[in-house]
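Enquirer: What follows is a single structure, and I will ask about it in a moment.
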Amino acid sequence: MIFWPAALLAVVTTAIAVTGKNPVHALLWFVISLLAMAVVFFELGAAFAAALEVIVYAGAIVVLFLFVVMMLSLDKAAALREESWTKGPVWLLPVGFTGMLGVALAWQMLNTALPARPGRAVLPAAVGLKLFSTDFLAVEMASLLLLAGLVAAFHLAREAQK
Amino acid sequence: MIQAAPLAVQGIFVAVLLAAVAIRRSAPLAAAVTGVGFVAALCTIPAAMHGAAIAGEQFDLSGATYGFWAVILSVGFLLSVMGSGYWRGAKNLPAEEFFILLLVATLGACVLAAAKDVLFLFLGLETMTLAMIGMIAYPRHRPEAAEAGIKYLILSAMSSAFLLFGFGLLELATGSLGLADVLAAPNTPMAVAGLAMVGVAAGFKLSVVPFHIWVPDVYAGAPAPSGAFLAVVPKLAVLAVILRATGLPGAALAPGALHVVSVVAALSMLAGNLLALQQQNVKRILGFSSIAHLGYLLVAILAAGEVGRVAVVFYAVTYALTMVAAFGVLAVLSNAGAARDAETIADLRGLFWSRPGLAAVMTLALLSLAGMPPAIGFIAKMYIFAAGVHQELWWLVGTMIASSVIGLFYYLSMILAMAQRQAPAPAAAGMQAGGRLVLGVVSLAVLVLGVAPEPLIALVKAMLG
């Protein structure tokens, strides 16, 4: 039941994030988009993916982005500029959207009798068992994928030797 | 399970290489470990082939897969040798990471080439792509390299998104992640949309028209050894998947889809060769030339059948050898520490008089790309002609002839530039023994197999059979 509002919210907030000119605002919109995606996953029966979406993406990765953006501009003018961004009612819309998500989720949780959407419920235990039994090769491969990213990033970000 | 030994050996050598770099930072040592790793993986292929046949869930371990693995690993080996000479020119740039990335990218390509389900296909593809971005942007002192890396990063992320969305739709339509099940999807709008999105992603990796926009900038910005990898290995791996997919039951495309692929093939052949005409940068020319060659390969794929399949593999091997030779000449001429590679036609001018050996190799490579005897490219192109004529794909064969004639102009103009006497000799950057060794091996193969292609054809037939 809350699939469609959540999906719509994900699309709308992503569109705002992509078209926004202010990087910090765009990232915050992106957080709402990720939360809406988490609700979508939850609705489809993938509670584990929903939790990962909140913890890893919204929690860790976007916060990392925010730190980087904020560390890029440390002078006084930037501080004043940032202050001007938070004035006025700019916070109303995002908070409203997030509130909608929260209400929808709470409503779904309180009404457990509501029919779930057709789909296969995937429990965290099933994911864990599969990853470390039949799909362990995929886990190894994913670790090599991360290694490639790590080595490339390490090389490109290293200070030039003079 | 001995059958997947080449993959395991590569994985082990990634760990060995990391340990070696951690203990002692030395580019020659890293290059040696990488080279030994490739050779060791190659050596396990015969044993792996003779292992008992198993119906693995994840990997398709057929003769064709081993064949593609052998070509990919050989290219990896040649590039590790070439790279060891090339990076010596850049005094302030540590080269060890290049070899780590090369080894990981090749492993990713091998996984992709063998993948039997969507999970490994995607993991292999992403591993290869991510490592390749590092290889493209490797010389950090060149702004063009960083630009090329970012362009490739963004566009390949987009193509990955297409691939994932397409596979998502196909999984929804079929309830399976196996490649065979996915391809046998019922003809519903959802499955067709999914297949089309997967096709877009494949088109991006093969850089056929209209997904070729990234090619010139990325090829021109990448350092020569990375350019060679980019031009050859991802294409081989994706071709391996396509060749296997077209052999699966239920993979027959609807007539409408076949028309789309035919148009893509014709446009790639024409656009690749026409766009190359105006270029002055040899890497860009090779990039556009690769678009045209993938168009030729699509003709062979459309021809299907026994002859078509052999033509695809034979052409892919030819293309790999020739591109390694052409980029190899650029690598040997270049200095990795300089602001750019020796990559313009002006840099090649007078090469016949200053470095006749290199000029001879480049001429052979260009003749092979143009499809002229005695190089192997002639036989390969004839094979595709034969396959096309056999299946009566008349207008595609006609387009192929027309675009080959257009292609002759720029290949021959490069050869003419090398034969001009006036300009001063290009600044020779070191001797690069490794690069010249690679050129010797590759050009010998191009020439010998061009004169006597029967052993290779027999090998390809045996592998596919």
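Each reported figure results from applying straightforward, stated rules to the coordinates on display, with no laboratory input. Since we're looking at a predicted model, the values are computed, not measured. Because the Cβ atoms are built from the backbone with ideal geometry, glycine has one as well, and the counts that use them run over all protein chains shown.
Enquirer: Going by what's in this entry, would B:Leu294 be described as over 21 Å from B:Gly440 (Cα atoms), touching a residue at least 40 places away in the same chain (Cβ under 8 Å) and in a helix (DSSP H, G or I)?
Expert: Working: over 21 Å from B:Gly440 (Cα atoms): yes; touching a residue at least 40 places away in the same chain (Cβ under 8 Å): yes; in a helix (DSSP H, G or I): yes.
It is true that B:Leu294 is over 21 Å from B:Gly440 (Cα atoms), touching a residue at least 40 places away in the same chain (Cβ under 8 Å) and in a helix (DSSP H, G or I).
Enquirer: Let me ask something additional. Return a yes/no flag: does the range B:28-36 have any residue that is small (Gly, Ala, Ser), within 14 Å of chain A (Cβ to nearest Cβ), over 29 Å from B:Tyr315 (Cβ atoms) and part of a helix (DSSP H, G or I).
Expert: Of all residues in the range B:28-36, those small (Gly, Ala, Ser) come to B:30-32, B:35.
When the remaining residues are screened for being within 14 Å of chain A (Cβ to nearest Cβ), the result is B:30.
Okay, now just the ones that are also over 29 Å from B:Tyr315 (Cβ atoms), so B:30.
This time we only want the ones that are part of a helix (DSSP H, G or I), so: B:30.
Taking every residue of the range B:28-36 in turn, at least one turns out to be small (Gly, Ala, Ser), within 14 Å of chain A (Cβ to nearest Cβ), over 29 Å from B:Tyr315 (Cβ atoms) and part of a helix (DSSP H, G or I).
Enquirer: Inside the range B:13-26, can you point out the residues that are within 13 Å of chain A (Cβ to nearest Cβ), touching a helix residue (DSSP H, G or I) at 6+ places or on another chain (Cβ under 8 Å) and part of a helix (DSSP H, G or I)?
Expert: B:Phe13, B:Val14, B:Leu17, B:Leu18, B:Val21
Enquirer: Within the range B:344-368, track down each residue that is within 12 Å of B:Leu333 (Cα to Cα) and under 19 Å from the mean Cα position of the chain (by Cα).
Expert: B:Met362
Enquirer: Turning to a different aspect of this structure: It is to be established whether one or more residues within the range B:135-142 are charged (D, E, K, R) and within 21 Å of A:Leu147 (Cα to Cα).
Expert: From the range B:135-142, those charged (D, E, K, R) are B:140, B:142; that's our starting set.
Now drop any that are not within 21 Å of A:Leu147 (Cα to Cα), which leaves B:140.
The answer is yes; a qualifying residue exists.
Enquirer: State whether one or more residues within the range B:339-348 are assigned to a helix (DSSP H, G or I), among the charged types (D, E, K, R), touching a residue at least 60 places away in the same chain (Cβ under 8 Å) and under 24 Å from B:Met269 (Cα atoms). Spell out the reasoning first.
Expert: Initially, the range B:339-348 is screened for residues assigned to a helix (DSSP H, G or I), giving B:345-348.
Okay, now just the ones that are also among the charged types (D, E, K, R), so B:347.
Among the residues that remain, those that are also touching a residue at least 60 places away in the same chain (Cβ under 8 Å) are: B:347.
Filter again for under 24 Å from B:Met269 (Cα atoms), leaving none.
The answer is no; no qualifying residue exists.
Enquirer: Inside the range B:160-279, counting only helices (runs of 4 or more DSSP H) that do not spill past its ends, which hold 2 or more residues that are within 30 Å of B:Leu412 (Cα to Cα) and under 17 Å from the mean Cα position of the chain (by Cα)?
Expert: B:189-206, B:215-221, B:224-247, B:255-276
Enquirer: While we're looking at this one, here's another question. Just name the residue that is nearest to the chain's Cα centre (by Cα) out of those in the range A:132-161 that are of a type outside the set (A, V, I, L, M, F, W, C), more than 9 Å from chain B (Cβ to nearest Cβ) and closer than 20 Å to B:Val118 by Cβ.
Expert: First, the residues of the range A:132-161 that are of a type outside the set (A, V, I, L, M, F, W, C): A:133-135, A:140, A:143, A:149, A:155, A:158-159, A:161.
Now narrow it down to the ones that are more than 9 Å from chain B (Cβ to nearest Cβ): A:133, A:143, A:159.
Filter once more, so that each one left must be closer than 20 Å to B:Val118 by Cβ: A:133, A:143.
Values: A:Ser133: 28, A:Ser143: 22 Å.
In this case the residue turns out to be A:Ser143.
Enquirer: Among the candidates B:Leu153, B:Leu123, B:Leu101, which residue alone is over 30 Å from B:Ala458 (Cα atoms), within 14 Å of chain A (Cβ to nearest Cβ), surrounded by fewer than 22 Cβ atoms within 10 Å (Cβ to Cβ) and within 20 Å of the chain's Cα centre (by Cα)? Step through it out loud before you land on a result.
Expert: On the way: B:Leu123 fails: surrounded by fewer than 22 Cβ atoms within 10 Å (Cβ to Cβ); B:Leu101 fails: surrounded by fewer than 22 Cβ atoms within 10 Å (Cβ to Cβ).
The unique qualifying residue is B:Leu153.
Enquirer: Another question, then. For a quick check of your reading: which helices (runs of 4 or more DSSP H) sit entirely within the range A:9-91 and have at least 1 residues that are farther than 21 Å from A:Gln108 by Cβ? If you could, list the steps in order and put the result at the bottom.
Expert: Details: elements: A:23-43, A:47-52, A:62-72, A:76-85.
Those helices (runs of 4 or more DSSP H) span A:23-43, A:62-72, A:76-85.
Enquirer: Working only within the range B:72-98, note down all residues that are surrounded by fewer than 22 Cβ atoms within 10 Å (Cβ to Cβ) and farther than 25 Å from A:Phe154 by Cα.
Expert: Across the range B:72-98, the qualifying residue is only B:Ser74.
Enquirer: Next question. Count, please, the residues in the range B:109-120 that happen to be more than 7 Å from chain A (Cβ to nearest Cβ) and either buried (at least 24 other Cβ atoms within 10 Å of the Cβ) or among the polar types (S, T, N, Q) (or both). Show your work before the answer.
Expert: Residues of the range B:109-120 more than 7 Å from chain A (Cβ to nearest Cβ): B:109-110, B:112-118.
Filter once more, keeping what is either buried (at least 24 other Cβ atoms within 10 Å of the Cβ) or among the polar types (S, T, N, Q) (or both): B:109-110, B:112-115.
Selection size over the range B:109-120: 6.
Enquirer: List the pairs whose first member sits in the range B:95-108 and is touching a residue at least 40 places away in the same chain (Cβ under 8 Å), whose second member is of a type in the set (Phe, Trp, Tyr), and whose Cβ atoms are under 6 Å apart, counting only residues at least 6 apart or on separate chains?
Expert: Sorted first by the residue in the range B:95-108, then by its partner, the pairs are B:Ala95/B:Trp87; B:Phe98/B:Tyr138.
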